[in-house]
1. Would you mind working out the magnitude of the charge dipole of segment 263-344 relative to its Cα centre, with +1 at each Lys and Arg C-beta and -1 at each Asp and Glu C-beta, to the nearest 20 Debye?
2. Which distance in nm do the two modelled labels at Q244 and H389 give, with both placed 7 Å along the Cα-to-Cβ direction?
3. Where in segment 275-333 are there GluC sites (Glu not before Pro) that are in a DSSP coil and have at most 16 other Cβ atoms within 10 angstrom of their Cβ?
4. Write out the cysteines belonging to the chain for which the nearest other cysteine Cβ is not under 4.7 Å, or none if no such cysteine exists.
5. Do any trypsin sites (Lys or Arg not before Pro) in segment 63-160 lie in a DSSP loop with no more than 14 other beta carbon atoms within 10 Å, and if so, which?
6. Choose one of P293, V373, L338: the residue whose Cα lies farthest towards the positive end of the charge dipole of segment 280-384 (beta-carbon charges +1 Lys, Arg; -1 Asp, Glu; about the Cα centre).
7. Counting only protein heavy atoms and a 1.4 Å probe, tell me what percentage of the chain's accessible area is made up of carbon and sulfur.
8. Averaged per residue, what accessible area in Å² does the chain show with a 1.4 Å probe, protein chains only?
Amino acid sequence: MQQLSLFDTSNDDSLSPATAPLADRMRPRSLEYYVGQTHLLGERKLLRQMLEKDQVCSMIFWGPPGVGKTTLAKIIAGRTKSDFLNFSAVTSGIKEIKEIMKQAEENRNYAIRTLVFVDEIHRFNKAQQDAFLPYVERGSITLIGATTENPSFEINGALLSRCKVFVLKELTADELTEMLRRTMADKRGFGNTTVRMEENTLPAIAAFSNGDARRALNTLEMAVLNGELSPDGSVTIHRETLEQCLGRKALLYDKKGEEHYNLISALHKSMRNSDPDAAVYWLARMLEAGEDPLFIARRLIRFASEDIGLADSQALQIAVAAYQACHFNGMPECNLNLTQAVVYLSLAPRSNALYRAYETARADALTRLSEPVPLVIRNAPTQLMDELHYGEGYVYAHDTAEKMARMTCLPESLKDKRYYLPTEAGNEHIFKERLEKSRAFRLGGNDTLPQ
């Protein structure tokens with residue numbers, strides 16, 4: 001447990017010793033210097049308004065590592081003039097919780113607010129999480145829990161219901177690049193040192209860091225400390241030094257990340273064209289340049305439904321399995337998991353019928369927002385609804401021999417519309433046959449259904 005007084009929210013560099021790691025020295029102490037999370041802290045955004053009105057409640061910060069969860073909690077403590085207690089779920093238990101709560105109650109007697117920050121709160125068991133409940137309810141503490149896991153699954157419902165969940169997003173390459181430029185100019189960083197580097201060095205570090213500010217700062221620090229020192233005290237970061245710090249060849253994205261999108265486009269279109277050799281090459285280009293394997297895996301999941309669909313239902317399962325393997329293994333072990341998925345998807349039969357079905361339905365949904373739900377498929381939980389004929393004529397499909405009722409489920413103006421138009425590719429011809437027979441049956445023109 002670490003206790004800090006953050007009533008002073010200035011950027012006084014004396015709070016971070018020169019011997020501290022760069023990421024600690026550059027930790028912002030006010031919103032003015034905080035990077036990212038504009039969806040929460042921008043003008044008129046919810047969390048910003050809560051801070052400006054000094055109406056901060058207990059909350060959960062959910063997001064990937066290095067996006068500023070701890071930093072934001074410290075800034076909140078400073079703005080609200082609260083005693084900040086940093087509490088790790090990894091090293092603390094019930095005993096430590098009780099000690100903190102005792103201190104918080106004493107602070108309350110002196111009209112001092114206490115903000116308890118719990119890092120990795122998802123690691124607490126139910127009993128440990130429940131120990132905070134009475135103090136949160138009484139207002140003895142403001143609890144801020146940080147987690148990289150979905151709080152819906154990892155945090156007790158009772159505690160979660162008393163906290164506002166804020167989702168923190170990974171930082172963009174532009175945000176990280178700006179943070180690194182500020183570090184180079186700030187005296188807490190390398191503002192007192194002349195550092196020479198190629199123009200695209202900072203964007204390369206930002207792209208390599210995959211939205212993680214701590215990783216970006218650590219990489220920059222390593223590059224500067226291992227740069228070539230000149231007699232005049234200046235430091236030169238050579239490309240070879242940067243590549244060693246990154247642990248791989250540096251793919252230098254431009255400021256807007258165009259190459260990033262060019263490469264994922266090349267992978268997607270190579271798979272679409274059934275060219276596994278090209279697809280594996282573009283996969284390797286991205287992975288060896290530091291691309292997040294989970295980003296690639298998410299695109300494979302999209303591809304499985306957009307370009308293959310029901311022509312091979314196994315494709316989606318393999319893509320999802322590749323994502324899980326990346327989550328479990330990480331780099332470099334997951335490179336073969338992704339290769340397996342990329343080759344499979346490249347050689348699977350093609351159908352974009354699902355994509356076309358949704359896009360067509362989406363266009364109708366956006367232009368016909370007031371189309372009423374047919375009475376026959378409405379629920380009738382009240383007598384009034386029953387009197388208004390809600391659900392009248394509804395047939396429970398399982399009560400029929402065919403497991404299908406002859407009724408229309410689309411709005412009247414769309415009853416003849418067709419969205420899903422299956423192809424003959426792969427296994428989709430099976431779904432096409434079933435669909436044609438089921439449509440004919442529902443319209444009363446066919447009494448035979450496929451088994």
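1. For segment 263-344, the charge dipole is close to 160 debye.
2. Distance between the two pseudo-spin positions: 8.2 nm.
3. Sparse-neighbourhood loop GluC sites (Glu not before Pro): E333.
4. C57, C163, C245, C409
5. K81
6. Working it through, the farthest residue towards the positive pole turns out to be V373.
7. The C+S portion of the solvent-accessible surface of the chain is 51 percent.
8. In whole numbers, the chain has 54 Å² accessible per residue.
The values are calculated or read from the model by the stated rules, or taken from the named source; none is laboratory data. Note that the structure is predicted; figures quoted are calculated from it, not measured. Here the Cβ is made from the backbone with ideal geometry for all residues, glycine too, and neighbour counts use every protein chain on show. All accessible areas refer to the heavy atoms of the entire protein, side chains included, with ligands and DNA or RNA removed. Shrake-Rupley method; radii C 1.70, N 1.55, O 1.52, S 1.80 Å.
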